[in-house]
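> Dumping the structure here so I can ask a few things about it.
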Amino acid sequence: MLVEGPVEVVLEDGSTERSDRFTVALCTCRRSRRFPWCDTSHRRRVRGTADEHGDSPGAGSG
């Protein structure tokens, strides 16, 4: 998720992380090694035989 900066994020443990960048990428998948900042770890996800909803790949519309 892209957010206009600067931004301060309050984490679950009450600590805060701050970024002074003009645009900040926040992690929403929780796979980032730099959480709460996105490091594109979601792109390296191993794909299984079914997606998160239990559907087969390619199934659905059509």
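> Highest mean first, how do 30-40, 11-21 rank when packing is the count of other Cβ atoms within 10 Å averaged over residues?
Descending packing order for the listed peptides: 30-40, 11-21.
> Just to be sure I understand the curve: with the Debye formula and one point per C-alpha of segment 2-42, what is log10 I(q)/I(0) at q = 0.17 Å⁻¹?
Here log10 of I(q) over I(0) equals -0.42.
Every number here is computed from the coordinates shown, using simple stated rules; none is lab data. Computed from a predicted model, the values in this text were never measured in an experiment. Note that each Cβ is placed from the backbone with ideal geometry, even for glycine, and that neighbours are counted across all protein chains shown.
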